[in-house]
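Inspection log for the structure reproduced underneath, given as structure tokens.
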Amino acid sequence: MIYQEKTFSLQDGRKVVLRSAEERDAEALIAYLQATAAESRFLLREPEEQTLTVEDEVQFIRRKNEAERDLMLLAFVEGRYAGNCAINSHGDKLRVLHRCDIGIALYQEFCGQGLGTLMLTELLKIAKECGYQQAELEVIAGNAPAMGLYKKLGFEVYGTRPRDLRYKDGTYADAHLMVKML
């Protein structure tokens, strides 16, 4: 799905542009995957596990843009790429058409400034407009800022997956499964 570019303001007055991912963003998105993996233990992969090529990312962007009810939304703060969020369908079967997964990740320097709230508020509005009735996500149990954001937006924990992630040092992290009715 293509999102028509919109401009918003953060609490401090900085301008934020939200738009769909474009093929020209592929290299920046790959760099973002590597950097955010290095910045946070709350994401799925280690930095060295990012093996996507530019062509892989271009194909991914094309699929997202051509999908009827999937969206990859990028945020630019004062012209700098800050992160993205996404809507992912559960498929085309009638019994799951009402559900979507959402996700978000920002460069650390843009966290705690209201950007995540702005992005997810817009994303949830779009999800509802697409006919989704239920948004789902998972969040690593120790990620208190993300948990606070999701709860503020009306998500509730409905379960916990123990030992969801296993880190290089042998420790584990649980994941909370969260849902919001739209």
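The values are calculated or read from the model by the stated rules, or taken from the named source; none is laboratory data. Predicted, not measured: the structure shown is a model, and the values here were computed from it. All Cβ positions, glycine included, derive from the backbone under ideal geometry; neighbour counts span all protein chains shown. Quick note on the areas: whole protein, heavy atoms, side chains included, nothing else; ligands and nucleic acids left out. Shrake-Rupley method; radii C 1.70, N 1.55, O 1.52, S 1.80 Å.
Of the residues making up the range 44-53, not a single one is touching a residue at least 24 places away in the same chain (Cβ under 8 Å) and surrounded by 16 or more Cβ atoms within 10 Å (Cβ to Cβ). Can you give me the ranges of the strands (runs of 3 or more DSSP E) entirely in the range 74-172 with at least 3 residues that are farther than 26 Å from ALA26 by Cα? Output list reads 134-140, 156-166.
In the range 152-182, the residue that is most open to solvent (accessible area, probe 1.4 Å) out of those that are of a type in the set (D, E, K, R) and without any contact (Cβ under 8 Å) to a residue 12 or more places away in the chain is ARG166. Candidates are the residues of the range 14-53 that are at pLDDT 95 or above and in a loop (DSSP other than H, G, I, E, B); the one that is nearest to LEU118 (Cα to Cα) is ARG14.
Under the condition of being within 16 Å of the chain's Cα centre (by Cα), under 23 Å from GLU78 (Cβ atoms) and aromatic (Phe, Trp, Tyr), the residues counted in the range 1-58 number 2.
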